[in-house]
1. Report the residue count in segment 43-64 for those that are of a type outside the set (Val, Ile, Thr) and assigned to a helix (DSSP H, G or I).
2. What are the residues in segment 34-64 that are exposed (fewer than 10 other Cβ atoms within 10 Å of the Cβ) and closer than 28 Å to residue 11 by Cα, if any?
3. If you check every pair at least six apart or on different chains, which have Cβ atoms under 9 Å apart with a residue in segment 34-60 that is among the acidic types (Asp, Glu) first and a residue that is surrounded by 10 or more Cβ atoms within 10 Å (Cβ to Cβ) second?
4. If a residue must be aliphatic (A, V, I, L, M), outside any loop (DSSP other than H, G, I, E, B) and modelled with pLDDT of 75 or more, how many such residues does segment 1-42 contain?
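The values are calculated or read from the model by the stated rules, or taken from the named source; none is laboratory data. Because the structure is predicted, anything quoted here is derived from the model rather than measured. With ideal geometry, Cβ positions are generated from the backbone for all residues, glycine too; neighbour counts draw on all protein chains shown.
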Amino acid sequence: MAASKRVRILDHRTPQDRDRPFLPGAGKTWLLPFYDLFSGVAGVRALHERAVELAGVRPGQSVV
């Protein structure tokens, strides 16, 4: 593989974080309590609702 085509993936998570079934808010467990507060202040909910609308997700459907 040519040097210009190499991909290097850096994973700075702790071994405990690597085994988590989810990704904590902003990638840090200690930030989880602040995620909803920040999202509300930053107006992220409107962006989430718009993304759902654009994706055509309907009540009762799940998104993975």
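1. Restricting attention to segment 43-64, the residues satisfying the condition of being of a type outside the set (Val, Ile, Thr) are 43, 45-51, 53-56, 58-62.
Then keep just the ones that are assigned to a helix (DSSP H, G or I); that gives 45-51, 53-55.
Result for segment 43-64: 10.
2. If the condition is that a residue be exposed (fewer than 10 other Cβ atoms within 10 Å of the Cβ) and closer than 28 Å to residue 11 by Cα, then 37, 63, 64 are the ones that fit.
3. Taking only residues 6 or more apart or on different chains, the pairs are 36/25.
4. Residues that pass the stated criteria total 5.
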